[in-house]
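A.B. asks: One structure follows; several queries about it will come next.
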Amino acid sequence: MNSAVNNDNPELFDGDIGPVKYAFSVPALSLADYCRGSRITLSSLYKKRSNLRRALTLCVIFAATIGLFALIDMIFNRFGISLYMTLFQADSEAESGFQLYWWNISVVALFLYAFLIGYFVMFSMVFRRSQHFQKQFYLNGQSTVSGYYLEIGESGIRSKAENGTASFKWDSVTGITRHKGMTFISIHSISFFWIPDSLEGYDCDAVTAFIKSKLAEPV
């Protein structure tokens, strides 16, 4: 869990989560499950980038199409065959106009290729750096490496770890997701609590239904 913890004032907000409905002693989290929980929690933020992804996809398709035609044209030219005249049965004058048009498109495609290569190189560097930071967050999180005690109440949710206590009202909880044997409870779409579905005494169906009912209540 990546939540703020204050040792001097351990109860975030007023710490009152009302009558406790469920309480669990949750074990430590593996790095793989931590990364999985982070992806699930941040997925709502990624959805806002859907337009950018769509634009990049169209750019890749356009560049790949131009590259494919350029490769086919080069192969045809090696055998003294005009791709344009073969496809459209056009005369040499029309082919000259096509070659000029094709050159203009090729220049645009060249700049597009340069942009895409630069983008993916930068993306790769950012991705590797984010993996490094993610691992550091995991190792620095007391609850992720040692486990924590989770309380789910009528008014909110609270965790207790060796380095302090963190409490959140229900309006801070942004979702609950069950995925491959683990329940992830998202906090502010940037951090999360986790509960293994195999945890002794944990009724995942009942807890999930309770949390969803609280999230459905008007703020």
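The values are calculated or read from the model by the stated rules, or taken from the named source; none is laboratory data. The structure presented is a predicted model; accordingly, all values stated were derived computationally and were not measured. When we count neighbours, we look across all protein chains shown, and the Cβ atoms used for this are built from the backbone with ideal geometry, even at glycine.
A.B. asks: Could you please tell me which pairs satisfy a Cβ distance under 7 Å, a separation of 6+ or placement on different chains, a first residue in the range 39-64 that is part of a helix (DSSP H, G or I) and aliphatic (A, V, I, L, M), and a second residue that is loosely packed, with under 14 Cβ neighbours inside 10 Å and at pLDDT below 65?
C.D. replies: none
A.B. asks: Moving on. How many residues are touching a strand residue (DSSP E or B) at 6+ places or on another chain (Cβ under 8 Å) and either at negative phi or surrounded by 21 or more Cβ atoms within 10 Å (Cβ to Cβ) (or both) if we restrict to the range 179-192?
C.D. replies: 7
A.B. asks: Turning to a different aspect of this structure: Please indicate, with yes or no, whether at least one residue in the range 187-207 is part of a strand (DSSP E or B), small (G, A, S) and either closer than 19 Å to T144 by Cβ or touching a Leu at 6+ places or on another chain (Cβ under 6 Å) (or both). Please lay out each step first, then the result.
C.D. replies: First pass over the range 187-207, keeping only residues part of a strand (DSSP E or B): 187, 191-196.
Filter once more, so that each one left must be small (G, A, S): 191.
With either closer than 19 Å to T144 by Cβ or touching a Leu at 6+ places or on another chain (Cβ under 6 Å) (or both) added as a condition, the list becomes 191.
Yes, that holds for at least one residue.
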